[in-house]
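Read through the structure below, which is laid out as structure tokens, and then see the notes.
Read the figures in this text as sums done on the coordinates, not as results from a lab. Since this is a predicted model, take the numbers as computed values, not measurements. Methodologically, a virtual Cβ is constructed for each residue, glycine included, from the backbone with ideal geometry; neighbour enumeration extends over all protein chains shown.
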Ligand code: CP
Ligand code: NVA
């Protein structure tokens, strides 16, 4: 059966653990031997593109990259016809798309013929979530992803695609997540990556100090996600009280580490002092983007 990673929510706890285990297992450089893998980017990317490109090479395959402009999903031709075309040449496609629904349409148009990876959509960023779990486990549990139960993770700022995948992944593994966001920027129920469906692992608050207090991990993301640029002025004003600064980090546990998926907007959602400070693990997080991608690509192959 063809495997996909479109959301963390679609994975059971055991499947998520399988991906995480494969990420840190010795890599099999023949797994994708001579196999082309399509990488499609409708939005810009540095980390995800680097991680995916290098991981495909490390597994013996070769990536073929397309930008949104070249492919023209629903512009030059329908997303379904793009999908059918890709399926004639590729067995695996990883895509960064503006709208998550496009991934579902691509899956429906190619069912069983094209394994899909979501490299970020407006709803989810599952490969980031896998990397985040690896980074948190390394910081707090000697790398043991089964030992995160009871860990407290505070998220501060705009609740984004990244927040959703992070919260679902952590809830699967028994951690507690507190998300602090102002009205209009908080997580809402529903959608394909819905942490609110996971019960009391998640608390939603409006005071950033409540998320930070006692946190073992403090996490933030940009206030203006890709595609929201027209709202920049309003978002900066609405989220100004949700900056992760040294005073907020002071409230966290002594062993707290600070994470950010990046790109960061220094002085907006996070200060230089925090991002460059001793608690920051953001560069290790970047390192684990590739670790995570190796696990995801191996898992698509059935874990063999
Ligand atoms: N975190 C992340 O996905 O970075 P890029 O947008 O640079 O890929
Ligand atoms: N929430 C951000 C994440 C970037 C990696 C965005 O969607 O732009």
*Using only Cα atoms, locate the centre of segment 232-304 and the centre of segment 61-126, then give the distance between them in Å, rounded to an integer.*
27 Å
*Folded to 0 to 90 degrees: helix 282-300 orientation relative to the chain principal axis, Cα*: 40 degrees
*Identify which of 84, 76, 152 has the largest mean-square fluctuation in a Gaussian network model of the chain, with springs joining Cα atoms closer than 10 Å.*
76
*In percent, how large is the relative contact order of the chain, given Cα pairs closer than 8 Å and 6 or more residues apart?*
21 percent
_Nearest-0.05 FRET efficiency for residue 14 and residue 207, computed from C-beta distance (R0 41 Å)_ = 0.70
_Output needed: percent of Cα pairs per 10 Å distance bin for segment 1-68, bins running from 0 to the one holding the longest distance._
18, 42, 38, 2
*Measure nothing but the geometry: give the 0 to 90° angle between the long axis through the Cα atoms of 100-109 and the longest principal axis through the Cα atoms of the chain, rounded to 10°.*
20 degrees
*With springs only between Cα atoms under 10 Å apart, run a GNM on the chain and tell me which of 195, 44, 208 wobbles the most.*
44
*Taking only DSSP H segments of four or more residues, each worth -39500 (n - 2.57), what value at 222 nm results for the chain once the sum is divided by all its residues, to the nearest 500 deg cm²/dmol?*
-11000 deg cm²/dmol
*Tell me, what is a quarter of the convex hull surface for the C-alpha atoms of segment 12-133, in nm² with one decimal?*
7.5 nm²
_For the chain, projected area of the alpha-carbon convex hull averaged over all directions, nm²_ = 14.4 nm²
*Among 46, 22, 73, determine the one that fluctuates most according to a GNM of the chain built with springs between C-alpha atoms less than 10 Å apart.*
46
*Report, to the nearest 10°, how far helix 13-24 tilts away from the longest principal axis of the Cα atoms in the chain, using its own Cα long axis and a range of 0 to 90°.*
80 degrees
_Relative contact order computed over segment 75-225 (Cα-Cα under 8 Å; 6+ residues apart), in percent_ = 20 percent
*Tell me, what are the semi-axes, in whole angstrom and largest first, of the equivalent ellipsoid of segment 40-196 as set by the roots of 5 times the Cα gyration tensor eigenvalues?*
30, 19, 13
_Over segment 10-163, what is the relative contact order in percent, taking alpha-carbon pairs closer than 8 angstrom and at least six residues apart?_
19 percent
*If you average 1/r over all unlike Cα pairs in segment 148-288 and invert the result, what Kirkwood radius do you get in angstrom?*
14.9 Å
